1. Of the residues that make up region 86-99, is at least one free of Cβ contacts under 8 Å to residues at least 60 places away in the same chain, in contact with a helix residue (DSSP H, G or I) (Cβ under 7 Å, 6 or more places away or on another chain) and more than 23 Å from residue 334 (Cα to Cα)?
2. Looking only at region 259-293, which residues are surrounded by 12 or more Cβ atoms within 10 Å (Cβ to Cβ), more than 17 Å from residue 218 (Cβ to Cβ) and either in contact (Cβ under 8 Å) with a residue 60 or more places away in the chain or among the polar types (S, T, N, Q) (or both)?
3. Select from region 107-161 the residues that are farther than 28 Å from residue 344 by Cα and of a type in the set (Asp, Glu) and write down the one among them that is surrounded by the most Cβ atoms within 10 Å (Cβ to Cβ).
4. Suppose the filter is part of a loop (DSSP other than H, G, I, E, B), farther than 30 Å from residue 314 by Cβ and modelled with pLDDT under 90; does residue 26 pass it?
5. Any chance region 238-258 includes a residue that's at pLDDT 95 or above, in a loop (DSSP other than H, G, I, E, B) and exposed (fewer than 14 other Cβ atoms within 10 Å of the Cβ)?
6. Find the residue count for region 69-79, including only residues that are of a type in the set (A, V, I, L, M) and surrounded by fewer than 20 Cβ atoms within 10 Å (Cβ to Cβ).
7. Within 16 Å of the ligand (Cβ to nearest atom), under 22 Å from residue 182 (Cβ atoms), at pLDDT below 95 and in a helix (DSSP H, G or I): does that describe residue 377?
8. Take region 297-342 and flag every residue that is among the small types (Gly, Ala, Ser), more than 9 Å from the ligand (Cβ to nearest atom) and free of Cβ contacts under 8 Å to residues at least 60 places away in the same chain.
Amino acid sequence: MPSPSISFDNTEIAFKALSNKELNRATLLFSLFNVEWLVALGSSFTERLLHLGIPIHVLVKPIVYSHFCGGEDLVECTMLIRELATRNVGVLLNYGVEAKSSDAEYEYSVLQNMQAIQLAGKEKNIKAVCIKLTGFGRVALFEKLQQKQGLNASEQIELNAINERFDRLCSAALENQVSIYIDAEESWIQQPIDDMTLERMKRVNTKSAIIYNTYQLYRNDKLKDLKADLEYAKKHGFYLGVKLVRGAYVEKENEFAKSAGKVSPIHISKAATDDDFNLALTFCLDHLDTIACCVASHNEYSCLLLTQLLQEKKIPFNHPHISVSQLYGMGDHITYNLSNSGINCNKYVPFGPVKEVIPYLIRRAQENGSVEGQMGREIKLLKIEKTRRGI
Ligand SMILES: Cc1cc2nc3c(=O)[nH]c(=O)nc-3n(C[C@H](O)[C@H](O)[C@H](O)COP(=O)(O)OP(=O)(O)OC[C@H]3O[C@@H](n4cnc5c(N)ncnc54)[C@H](O)[C@@H]3O)c2cc1C
């Protein structure tokens, strides 16, 4: 473990915002998520009820949704955004509705993101808007682009529409001086996302980092890509916006590679992913003149390493080119203890109608059950805080 002066053990700081009732709810929620068969059963049951049109939001909203989401629309999110501001924690807004399939739905997704950017222009505690480019066009088209297959006339029109939607949001982001973070997705569609994003960075990030791309360090080629992108940014004189993540689709990626008879692009072990993540973090800190970096992780070691490196390299904790982010509803011991030490910290806050955000919530539950150690750690910390409060 790195040996910085910061500890994540202070549960009083971590859970200060939670009432006793909310603390009990969170403990119950994470304890349920820790039971794998219950998560599997609950997920398929929820999907079934949704499919049948049964109004399950009445149950989901107060228990699960409100723990992980900001609100059904931007107005509902405002209270949370301001509350987090009082604790020096910023917000990364995300329209949490998953990929759709018609032009009207893509346009609706642009509209929601546009409104989030405009709100961020006024509410300065919104530090960025997180966007999935597959929310603006067909996944199959991204696949075709990745495979460098020629597009027919109607596909070219679709591609133009995706580019135009992305450009519209980039212009709004620049105009409102709000950052946009482009999510990383599956490896078989990631190349066009990288290309489109880097091209916009070159145009837009000339005075500051407005657009950020996401680097998944579970991929064995992404540290190399990060280094190449820095060279490209230096050559063309723009700021490289970098969001570092480990990556969310390990099983899916490995299964896909296996079924296609290909070698998986994912590192062969968690340790190898950790090594590359920490090397990427160190690399970013060594190039803060050109790189603006968001460390998006719940990993205690990497977050402590960040504080240790900042101290060693004599970089101020509140350097504007460094921030740390965790999902809203998780990793509070990291967010609030780091924020207390002066580091720029943000929570990733999804918003959208309960029914539409359910796939995001199901993924949270499934991922939490499978991400080694994370759930046990959340429960342990919540219990320590309950004991401290005597409840
Ligand atoms: C603010 C925020 C934004 C995010 N945005 C994105 C995004 O745009 N795209 C995206 O893909 N993910 C995104 N994620 C999710 C992220 O990629 C991780 O899945 C999640 O944060 C867990 O990783 P961790 O760093 O918190 O730490 P840990 O819990 O220490 O690491 C778990 C991660 O390690 C990796 N891993 C686990 N087992 C293995 C193995 N056997 N071999 C190789 N690697 C392994 C996986 O990436 C796994 O998710 C985001 C997370 C946050 C907090």
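The values are calculated or read from the model by the stated rules, or taken from the named source; none is laboratory data. What you see is a predicted model, and the numbers here were worked out from it, not measured in a lab. Because the Cβ atoms are built from the backbone with ideal geometry, glycine has one as well, and the counts that use them run over all protein chains shown.
1. yes
2. Across region 259-293, the qualifying residues are 282, 290, 291, 292.
3. Selected residue: 158.
4. Details: part of a loop (DSSP other than H, G, I, E, B): no; farther than 30 Å from residue 314 by Cβ: yes; modelled with pLDDT under 90: yes.
No.
5. no
6. Within region 69-79, the first condition is being of a type in the set (A, V, I, L, M), and the residues that meet it are 74-75, 79.
Next cut, surrounded by fewer than 20 Cβ atoms within 10 Å (Cβ to Cβ) only: 75, 79.
Counting residues in region 69-79 that are of a type in the set (A, V, I, L, M) and surrounded by fewer than 20 Cβ atoms within 10 Å (Cβ to Cβ) gives 2.
7. no
8. The initial filter retains those residues of region 297-342 that are among the small types (Gly, Ala, Ser), namely 297, 302, 323, 325, 329, 331, 339, 341-342.
Then drop every residue that is not more than 9 Å from the ligand (Cβ to nearest atom), which leaves 323, 329, 339, 341-342.
Answer for region 297-342, where residues must be among the small types (Gly, Ala, Ser), more than 9 Å from the ligand (Cβ to nearest atom) and free of Cβ contacts under 8 Å to residues at least 60 places away in the same chain: just 342.
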